[in-house]
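Below is one structure, written out as structure tokens; comments come after it.
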Amino acid sequence: MKILVIGLPLTILYFIGLGTLHLLKKFYHKYNKLYKFASNVHRDGLSLAMRSCKSRAPASTIADMVVITLKPKEDIRIRQGHPWIYDNEIAVVEGLPAPGEEVEVHDARGLPIGYALFNPHSKIRARVYSKTVKHADEAYFIQAFETAKQWRDFNFGTQRMSLRLVYGEADSVPGLIVDGFIGIPIDDDNPEKQIQRQDVQPGLWLVVQFLSLGVDVRKSMILNALHTVFKPDGIIERSDAPVRRLEGLEESTGVLAGSVPNLVCIEENGALFEIDLAGGQKTGWFLDQRANRRDAARYAAGQRVLDMFCNQGGFSVLAAKAGAASVLAVDSSADALELLRRNALRNGVADRITTIEANAFDYLRDLEKMGRRFGLIILDPPAFAKNRASLEGARRGYKELNLRAMHLLERGGVLVTCSCSHWVSPQLFDAVLADAAFDSNRRLRLLEERTQDLDHPIVVGYDESRYLKCRIVQVL
Ligand code: SAH
């Protein structure tokens, strides 16, 4: 009896609860559909409005931020550390965000998960800059640059060294690259003479790339923040990268502040290198390979070295300085080779370095025909895979290069092989090497598994930030 008196009302209450929940759910779905419909109508109107929008300054004049709500589960990747939100991952854009404007990102349940910069022109519709800080204003950039600087100071000491000072998303400033070159301007035609110039104070020049709309519209506040934190002598823009087009931006280059010499002589790993800030490839110098260049040189003493894709001689000069018997440096760029020859002179190793202007694939075949052999080969090609579609072609390219290099190596010789395309995963790259070992009938002993230097930090969950693979293998 007692059980009946207590149990019956409880059961009734339970079923009433279930019914209410069901009704609430129905109401939510209906409301959600209406909401999406309204927002689509609104979005079509919005894109028209944006096309006619002349001003590119963010229009954050309203008190509250525009909210973008993600589709269910699309928050997981973002919460794991990936900063990009694609157009097809967004359920609702509430309000009218201007190109580049800050937006608040919500998950499908309406919980805020971060703040992002909006770009209506790009497939990457929003780039998250912070999980907690609301406004990407000058104070934000100063804080981000200070944090980035502390990480570099910690890793590289406070000694003045040329470094990547800001590495985009990985330093919480999506799309902004800042390379800082510390050196002496070159105003002399004789590279050998310059070695003596200890009396000149080195300067600091920043080479910047604005690779997203969000940072492009904030150029002036970013320049102010760079001045506050890094105090450079000059800033030059090298936003001549094709990815700008995906953001709806034209390429843009030129001096933005102070004065910037064309050629600067920097010191890296105890060697001197001339860098062409205005005309060199990318930002003028591949800082990411700094530690790999240093450690590759450990295998060079007494060896015949082949440096394929040598650019301005980062690997070649260090290998020669480490006692290589000879270095054959190959690149398809005449300008890069001209600088390489100056760098060889500057470091007193020109007598052991020969430069060849050629296509690497053809020249590797020629070397094989000539019966040449090397004790150390470096392969540092440009990114073969620029997107998913070109991945198969890239795989074949890497395979061919590595296979030919294995044919050219003496037994026990060392191969330093790299891939800087983030589309090629470390697993895929290792599989390519195994394939090449199979075809060349050689055994590979993995000596070192490496990546980019620490001024290009890697964010877990954001694989694009972990792009450089460098393997040092002994070919038996
Ligand atoms: N190893 C260099 C960086 C290499 S960057 C360093 O440590 O600084 C890639 C280089 O490959 C560029 O210099 C580019 O001019 C060159 N390159 C691109 N395609 C090439 C090809 N098919 N054959 C030879 N060189 C090529």
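The values are calculated or read from the model by the stated rules, or taken from the named source; none is laboratory data. Keep in mind that what you see is a predicted model, and the values were worked out from it rather than measured. Cβ: placed from backbone, ideal geometry, glycine included. Neighbour counts: every protein chain shown.
Some points to look at:
- Matching residues, the stretch 460-475, being outside any loop (DSSP other than H, G, I, E, B) and touching an Asp or Glu at 6+ places or on another chain (Cβ under 7 Å): 462, 465, 471, 472
- Which listed residue, of 237, 247, 251, is away from the ligand (no atom under 16 Å from the Cβ) and without any contact (Cβ under 8 Å) to a residue 24 or more places away in the chain: 251
- Close pairs from the stretch 318-337: first under 19 Å from residue 279 (Cβ atoms), partner more than 9 Å from the ligand (Cβ to nearest atom) and hydroxyl-bearing (Ser, Thr, Tyr), Cβ under 9 Å, at least 6 apart: 331/355; 337/355
- The number of residues in the stretch 227-244 being at pLDDT below 95 and not in a loop (DSSP other than H, G, I, E, B) comes to 1.
- Test result for residue 335, among the acidic types (Asp, Glu), touching a strand residue (DSSP E or B) at 6+ places or on another chain (Cβ under 9 Å), in the same structural domain as residue 401 (by TED's automatic domain parsing) and within 11 Å of the ligand (Cβ to nearest atom): yes
- Within the stretch 193-226, the set of residues being out of contact with any Gly (no Cβ under 9 Å at 6 or more places or on another chain) and modelled with pLDDT of 95 or more comprises 208, 219, 220, 221, 222, 223, 224, 225, 226.
- Extreme residue, farthest from the ligand (Cβ to nearest atom), among residues of the stretch 350-389 that are among the polar types (S, T, N, Q) and surrounded by fewer than 19 Cβ atoms within 10 Å (Cβ to Cβ): 387
- Residue within the stretch 98-112 that is loosely packed, with under 13 Cβ neighbours inside 10 Å and closer than 20 Å to residue 172 by Cβ present: no
The rows are residues; the columns are (1) within 22 Å of residue 241 (Cα to Cα); (2) without any contact (Cβ under 8 Å) to a residue 40 or more places away in the chain; (3) touching a His at 6+ places or on another chain (Cβ under 7 Å).
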site: 389; (1), (2), (3): yes, yes, no
site: 395; (1), (2), (3): no, yes, no
site: 407; (1), (2), (3): no, yes, no
site: 412; (1), (2), (3): no, no, no
site: 421; (1), (2), (3): yes, no, no
site: 437; (1), (2), (3): no, yes, no
site: 449; (1), (2), (3): no, yes, no
site: 456; (1), (2), (3): yes, no, no
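- Residue check, residue 90 surrounded by fewer than 21 Cβ atoms within 10 Å (Cβ to Cβ) and at pLDDT 95 or above: yes
- Boolean, residue 343 is under 30 Å from residue 274 (Cα atoms), out of contact with any Gly (no Cβ under 9 Å at 6 or more places or on another chain) and crowded, with 23+ Cβ neighbours inside 10 Å: no
For (1) in contact with an Asp or Glu (Cβ under 8 Å, 6 or more places away or on another chain); (2) among the small types (Gly, Ala, Ser); (3) more than 11 Å from the ligand (Cβ to nearest atom); (4) at positive phi, each residue gets a yes or a no:
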{"residue": "275", "(1), (2), (3), (4)": "no, no, no, no"}
{"residue": "282", "(1), (2), (3), (4)": "no, no, no, yes"}
{"residue": "291", "(1), (2), (3), (4)": "yes, yes, yes, no"}
{"residue": "296", "(1), (2), (3), (4)": "no, yes, no, no"}
{"residue": "305", "(1), (2), (3), (4)": "no, no, yes, no"}
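- Of all residues making up the stretch 137-164, the number that are part of a loop (DSSP other than H, G, I, E, B) and either modelled with pLDDT of 95 or more or not hydroxyl-bearing (Ser, Thr, Tyr) (or both): 6
- Tallying residues that are closer than 16 Å to residue 355 by Cβ, buried (at least 22 other Cβ atoms within 10 Å of the Cβ) and either among the aliphatic types (A, V, I, L, M) or in the same structural domain as residue 341 (by TED's automatic domain parsing) (or both) within the stretch 268-317 yields 12.
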